[in-house]
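A.B. asks: This is the structure, below, for whatever I ask next.
The values are calculated or read from the model by the stated rules, or taken from the named source; none is laboratory data. Treat the numbers as computed from the prediction; the structure is a model and nothing was measured. Here the Cβ is made from the backbone with ideal geometry for all residues, glycine too, and neighbour counts use every protein chain on show. Keep in mind that these areas ignore ligands, DNA and RNA; they rest on the heavy atoms of the full protein, side chains included. Shrake-Rupley method; radii C 1.70, N 1.55, O 1.52, S 1.80 Å.
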Amino acid sequence: MLQVKDIHTYYGESHALQGVSIELKAGETVCLLGRNGAGKSTTLKSIVGWTPARQGQILFKGKDITRLAPYQIARQGIGLVPEDRRVFASLTVKENLEVARYVRTGVTPKWSVERILDEYPMLAELANRDAGNLSGGQQQMLAVARSLMCEPELLLLDEPNEGLAPVIVKQIGALIDALRETTTILFTDQSVHFALQHAERAYILEKGRVVHSATSQDLK
Ligand code: ATP
């Protein structure tokens with residue numbers, strides 16, 4: 001489904017990704033592990049075109065998306081939940097879901113606002129609250145749910161647990177497990193324990209390079 005081939009990404013002159021290659025098959029859940037500054041976010045941002053790769057190639061379902069604009073990449077079926085979540089603070093939970101709606105031609109929709117509120121009672125209870133007034137964990141649930149409104153085939157989650165209390169981390173883990181049934185997922189994390197629990201495979205990034213790749217079983 002996704003082939004990232006030897007990409008190099010820069011911030012100005014700073015060479016953040018120095019030849020990253022990763023692959024995901026349809027239906028897999030894979031984690032990118034690494035410390036602060038290893039290049040996890042930059043890898044996801046390069047896939048969605050926010051920080052386009054200067055060299056290398058990114059293929060999604062065989063199509064070259066390396067030079068496409070972010071909105072064009074989103075419309076291929078790739079959803080991103082960024083590290084800072086970016087919920088629309090002055091819109092309600094329900095409105096956040098509604099404005100994100102985009103269904104690609106030829107796709108049978110799986111999700112709707114009603115289904116999301118049905119499956120995630122926590123969001124249903126908050127449906128009319130402004131997103132800016134939610135806790136970090138509630139905003140994270142909303143950000144993931146909002147990404148589903150575009151019916152993604154591939155979902156990228158950037159450090160979904162960052163700054164969240166252990167009880168919320170459990171809920172995010174359960175959410176990932178439920179989505180794994182129908183969606184291909186690439187998420188980033190700094191905790192090997194979370195990765196082993198919720199991903200089949202992991203790549204370990206260090207200083208902008210993949211230094212190890214293994215199944216969760218082997219990593220254990
Ligand atoms: P974190 O958990 O801190 O987000 P990360 O593994 O996601 O870590 P990246 O954010 O991808 O790492 O950062 C990779 C490298 O690129 C780091 O050296 C970082 O300092 C640098 N970098 C990231 N964003 C920028 C930016 N906007 N401008 C310049 N350098 C940046």
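A.B. asks: Kirkwood hydrodynamic radius (Cα pairs, Å) of the stretch 56-147?
C.D. replies: Details: mean 1/r = 0.0693 Å⁻¹.
Result for the stretch 56-147 stands at 14.4 Å.
A.B. asks: Ok, one more. Which net charge results for the neighbourhood of ALA16, defined as the other residues with beta-carbon distances under 11 angstrom from its beta-carbon, given Lys and Arg at +1 and Asp and Glu at -1? List each step's numbers first, then the result.
C.D. replies: On the way: positive: LYS40, LYS45, ARG54, LYS207, ARG209; negative: GLU13.
In short, +4.
A.B. asks: Could you pull the accessible area for THR108 with a 1.4 Å probe, rounded to 10 Å²?
C.D. replies: 110 Å²
A.B. asks: Okay, moving on. For LYS110, LYS207, give the ranking by accessible area with the largest first, probe 1.4 Å. Intermediate results must be reported in sequence, preceding the final value.
C.D. replies: Numbers: LYS110 90, LYS207 160 Å².
Largest accessible area first, the list is LYS207, LYS110.
A.B. asks: Place a +1 charge on the Cβ of each Lys and Arg in the chain and a -1 charge on the Cβ of each Asp and Glu, then give the dipole magnitude about the Cα centre in debye, rounded to the nearest 20.
C.D. replies: Numbers: 25 positive and 25 negative charges, 105 e Å.
I would put it at about 500 debye.
A.B. asks: Roughly how large, in nm² to one decimal, is the mean projection of the convex hull of the alpha-carbon atoms in the stretch 136-188?
C.D. replies: On the way: hull surface 13.0 nm².
The Cα convex hull of the stretch 136-188, projected and averaged over all directions, gives 3.3 nm².
A.B. asks: A follow-up question, please. How do HIS8, HIS212, HIS15 rank by accessible surface area computed with a 1.4 Å probe, from largest to smallest?
C.D. replies: So, going from the largest accessible area down, we get HIS212, HIS15, HIS8.
A.B. asks: Ok, one more. Probe radius 1.4 Å, ligands and nucleic acids ignored: give me the carbon and sulfur share of the accessible area of the chain as a rounded percent. Mind dumping the intermediate values first?
C.D. replies: Values: 5060 of 10400 Å².
Accessible surface attributable to carbon and sulfur in the chain totals 49 percent.
A.B. asks: Taking the convex hull of the alpha carbon atoms in the chain, what volume per residue do you get, in Å³? Write down the numbers at each step before the final one.
C.D. replies: Details: hull volume 25.9 nm³, N = 220.
With only Cα atoms used, the chain gives 118 Å³ per residue.
A.B. asks: Among bridges DSSP assigns within the chain, what percent are antiparallel (round to 5)?
C.D. replies: Working: 22 of 39 bridges.
Within the chain, antiparallel bridges account for around 55 percent of the total.
A.B. asks: Right, something else. What net charge do the residues around GLN217 carry, taking every other residue with its C-beta under 10 Å from that of GLN217, with Lys and Arg at +1 and Asp and Glu at -1? Don't skip to the end; give the middle numbers.
C.D. replies: Values: positive: ARG201, LYS220; negative: GLU200, ASP218.
Result for the neighbourhood of GLN217: 0.
A.B. asks: Output the 0 to 90 degree angle, nearest 10, between the alpha-carbon long axis of helix 136-148 and the longest principal axis computed from the alpha carbons of the chain.
C.D. replies: 80 degrees
A.B. asks: Using a 1.4 Å probe on the protein heavy atoms only, what accessible surface does MET122 show? Give it in Å² to the nearest 10.
C.D. replies: 50 Å²
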